[in-house]
Every structure is written in structure tokens, then in C-alpha cells.
Amino acid sequence: MKIRAAELREIHLRLKERFEISSGGWDLRRILLLRMEGENGDAWSECVAGEAPNYSYETPETAWHILTAYALPAVVGREFDGPGDILSPVSWIRGHLMALATVEMGAWGLKAVEEGVSLRSLVGGIRDAVPVGVSVGLQGTDDDLLRQVEERLTAGYRKIKLKIKPGRDVEMLRKVRDRFPEAPLMADANSSYSLADAPRLVALDALDLMMIEQPLAYHDLREHALLQKRLKTPICLDESVVSPGDARLALELGSGRIINVKPGRVGGFGSSREIHDLCAARGVPVWCGGMLEAGVGRAYNLALASLPNFTIPGDISESRRYWDEDIVRPEFVMTKGMMPVPDGPGIGVEVRMDRVEALTRKYWEKRA
Ligand code: OSB
Ligand code: MG
């Protein structure tokens, strides 16, 4: 596969409603979109770096820098076997996995286009549709939260993830549980607790949650293992796992019993598949997380979530949960909590060029 040109842009896309987590919030997404041209077609990919360095240290600025100063100049004009070696010229770069994942995933998209197959079959997916959930941000009041949960359950979502932080946890979740005794609920703390808060977290065991996501510090697998020993509820790791090696260590230490795989966080589909496989071999389920992606990133997440060990509903909600209008056609819509996985060639949805052009704030390109 030869990369003949790369085109990077930053688009601004307003969320329908603010999304808030323990460490900050999003109103507007500033999304980097990459288009790579091969000899036989082109493919789009999306960078998931958030606007502030709260979830990860990466931002649109750092990703733009890594992509335009290093990664894209190193791949344009060169020949590769495929997605597995596309990052080999920049293997010396430390970190910046969200930036690099944009290129790696784009190579999967391009390979699918050039071979005339769907991304889903190229990556080894086995499902036509996947069960999906929704992530509900912190709300101003508990009544607002109850209304949100009701609306999402009525829409058919099969897992409701509630963001928590110290002071907005046990009592708030108990109200939701009392109102919806049977609902598939989980909580995500985004690293806002310490081991000293263990009693608060142990109190969550009474609420029949599917899991508690990333309660402790993003770099601390040891403390997650100590906490898991005290909790009945499974811990699910998000921020703490950025590589297959982290996943292996986490499972060996007992830091959690479930892993949320976000391909952007771990550097692309190659390491996502490795994490998927090593979890499958140990009987540990995984699910596909989200980073408030627009339609391009969502198409990649869906393809990944069609792999066999993605058995828990992912944070892959419908386009209309995020945007007034998505950047792809058709938009992502679910039926009874199941989202069809596109099966056309490549990512299986069309990028709406008119809309992308209108939303573009910054542009860069390089041709061989
Ligand atoms: O922790 O999973 C998270 C969004 C931005 C940053 C971190 C997270 C999230 C979500 C949103 O929970 C999931 C989605 O894309 O719907
Ligand atoms: Mg999370």
C-alpha cells in the first residue's frame, strides 16, 4: 500500500448538550480529520484527542503537531505492507497514541477500500449489529439525571453509564437505582477517587452496578488491584490501559475484571485486537468505549466492536445523541438497542464533504 497524499483538517462540531465528567466538560468538539490517499482510493479517519488535557495529555494542538511535523511527513510517499507497519517510520515517538492511532486506523480504512471489503470483515468482526449503551454526563441536579436516564432507557440503550465524582456518587446513584430497579447501570469516575475513598466505593456494591470504571489514578494499577479485592462490583479499566502490556499486567495484578477498549487510547486497531485477544484467552470481557466521536470515528468503533469478545454494550451511541447533524451519511441509528455495523466497502458510510468543508477551521496537506 502506497500513501500518495495526506490531508489533515480541524473541524468544529457543537455537541447538542454539554457533556461533563469529573475533571471537566465538553461543549464543542474540535476534531482532527485525516484523509489518506492510496493508489486505489482514499480513506478518512478521526483523532479522538479531547480539547483539554484532562482525560489524556493529548489535545488537538499536540496531535496536530505530532501528525504534521512527524507522522504524516514520514508516511507520505512511502510504500507499506499494510496497517501493521504504517507506523514503523515513527516507532521512535514516545506516547501520543491518539495522534498515531489516527494514521494507523486510517491505514485499516484505506486497506479495506483498496481491497473492496468492509472494515468490519478486514478487522475480523463477526457481527452484523452490536448492542450499544450510552454514557450520561454529570447533570446539574438529580432530577435532571433521572430524566436523562428515563429518556435513554426509553430509547432502548442496553447499558446506561453514569458519570460520578466525589460528592455526586452513592446518594445520586441510589436514587437512580430506586427509580429503575432493573436497569443495566454502571458508573465511571474518570480517576477522581483515591484509595482513602474505598468505603464510599464499597457502598456502591449495594446498587447492583454492572461495573465501576476507572475509579483511581490513571497510572495506578497496583491501587486498583487493592481496591478490587475489597469490592464485589467488577472494576473496568479505561485510562490505565494504553497498551497490550498494560492490559496483561492489569489482569495479572487483578486490577480489574473488564477492559474498556478505545482504539484511539491504545494507538489503533493493532493493539486493540491484541488486547481483545489476550482478554478473550483469559475469559475477560471487553467493550468499546467512546470519545464523543463524530461519524467517522464511530464507524471505526463499530467495526471493532463486532469482534467476538466485545460482549458488553459499547459507548457507541446514535449520532443524534451527540449532534444535530453528523458528518456522515447515513447517520448512525439503532433499533432496540442494536446498532447495525456498516458492511459496505471501507468504513461503510459516506463523508459529507459539503458539511466537512463548512466546519473546517484549519487545513494542512502533503503530496508525494
Ligand atoms: O471516560 O469513557 C470516558 C468521553 C470523553 C472522555 C472520556 C470518556 C467519555 C465518555 C463518552 O464516557 C462516551 C461516548 O463517546 O459516548
Ligand atoms: Mg471512561
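The values are calculated or read from the model by the stated rules, or taken from the named source; none is laboratory data. Computed from a predicted model, the values in this text were never measured in an experiment. Quick reminder, even Gly has a Cβ in these numbers, built from the backbone with ideal geometry, and neighbours come from all protein chains shown. Keep in mind that these areas ignore ligands, DNA and RNA; they rest on the heavy atoms of the full protein, side chains included. Shrake-Rupley method; radii C 1.70, N 1.55, O 1.52, S 1.80 Å.
Could you work out how much longer the chain between GLU274 and ASP354 gets when fully extended? Use 0.36 nm per residue separation minus the Cα distance between them, nm to one decimal. Kindly include the intermediate steps, with their values, before the conclusion.
Values: separation 80, 0.36 × 80 = 28.80 nm, distance 3.71 nm.
Full-extension gain reported as 25.1 nm.
Calculate what fraction, in whole %, of the accessible area of region 148-260 sits on carbon and sulfur atoms when a 1.4 Å probe is rolled over the protein chains. Please report the intermediate quantities before stating the final value.
Values: 2440 of 4660 Å².
Solvent-exposed carbon and sulfur of region 148-260 make up 52 percent of the total.
Where does the chain land at 222 nm, in deg cm²/dmol rounded to the nearest 500, when only DSSP H runs of n ≥ 4 count, each adding -39500 (n - 2.57), divided by all residues?
Numbers: 13 runs with 120 residues, N = 368.
Result for the chain: -9500 deg cm²/dmol, rounded to the nearest 500.
Give me the lysines in straight-line cross-link reach of LYS362: C-alpha distance below 22 Å, same-chain residues under 8 apart excluded.
none
Tell me, what is the percent relative contact order of the chain, built from C-alpha pairs under 8 Å that lie six or more residues apart?
Values: 815 pairs, mean separation 84.2, N = 368.
That works out to 23 percent.
Cβ neighbours within 10 Å, averaged per peptide: list 174-183, 223-232, 263-272 in order, most packed at the top.
Values: 174-183: 13.7, 223-232: 16.7, 263-272: 25.6.
Result, highest mean first: 263-272, 223-232, 174-183.
May I ask you to order 12-20, 202-210, 109-117, 236-244 by the average number of other C-beta atoms within 10 Å around their residues, highest value first?
Numbers: 12-20: 14.9, 202-210: 16.4, 109-117: 20.9, 236-244: 22.4.
Listed from highest to lowest mean packing, they are 236-244, 109-117, 202-210, 12-20.
Cα axis of helix 97-115 to longest principal axis of the chain: angle in degrees, 0 to 90, nearest 10?
The helix 97-115 is inclined about 60 degrees to the chain.
Kirkwood Rh over alpha-carbon pairs of region 147-212, then Stokes-Einstein at 4 °C and 1.567 mPa s: what D in µm² s⁻¹, rounded to an integer? Walk me through the numbers on the way to the answer.
Values: Rh = 12.3 Å.
In µm²/s, the coefficient is 105.
What shape does region 58-170 have by the C-alpha gyration tensor, where a ≥ b ≥ c are the square roots of the eigenvalues, rounded means a/c under 1.5, and otherwise prolate means a/b greater than b/c and oblate the rest?
Details: a/c = 3.87, a/b = 1.72, b/c = 2.25.
Because a/c hits 1.5 or more and a/b fails to exceed b/c, region 58-170 counts as oblate.
With equal scatterers on the alpha carbons only and no solvent term, can you work out the Debye log10 of I(q)/I(0) for the chain at 0.11, 0.13, 0.15 1/Å?
One equal scatterer on each Cα of the chain leads to -0.71, -1.00, -1.34.
Roughly speaking, what is the stretch gain from ARG4 to THR311, that is 0.36 nm per residue apart minus the C-alpha to C-alpha distance, in nm to one decimal? It would help to have the intermediate numbers written out before the result.
Values: separation 307, 0.36 × 307 = 110.52 nm, distance 3.79 nm.
Roughly 106.7 nm would be gained on extension.
Round to the nearest 10 and give me the degree value, 0 to 90, for the angle of helix 142-155's Cα axis relative to the longest principal axis of the chain.
Relative to the chain, helix 142-155 is tipped by roughly 60 degrees.
Looking at the square roots a ≥ b ≥ c of the eigenvalues of the Cα gyration tensor of region 122-340, which shape do they give, rounded for a/c under 1.5, prolate if a/b is larger than b/c, or oblate? Before the final figure, lay out the partial values.
Numbers: a/c = 1.84, a/b = 1.08, b/c = 1.70.
In terms of gyration-tensor shape, oblate.
Could you tally the net charge around PRO263, taking each other residue with its Cβ under 11 Å from the Cβ of PRO263, Lys/Arg +1 and Asp/Glu -1?
Working: positive: LYS262, ARG265, ARG273; negative: GLU46, GLU104, GLU293.
Overall, the nearby charge balance is 0.
Hey, rough spin-label estimate for ALA155 and ALA52, points 7 angstrom out along Cα→Cβ, what's it come to in nanometres?
It is 2.4 nm.
Starting from the 7 Å offset along Cα-to-Cβ, what nm value, one decimal, do you get for the label separation of ASP208 and GLU252?
3.8
Accessible area per residue of the chain at 1.4 Å probe, in Å²? Before the final figure, lay out the partial values.
Working: 14140 Å² over 368 residues.
Accessible surface, normalised per residue, equals 38 Å².
Using r as the Cβ-Cβ distance of ARG147 and VAL333, and R0 as 25 Å, what FRET efficiency do you calculate, to the nearest 0.05? Each step should come with its number before you reach the end.
Details: r = 22 Å, r/R0 = 0.89.
Approximately 0.65, to the nearest 0.05.
Given labels modelled 7 Å from the Cα in the Cβ direction, how far is it in nm from GLU365 to ARG179?
Placing both labels 7 Å along Cα→Cβ, they lie 5.0 nm apart.
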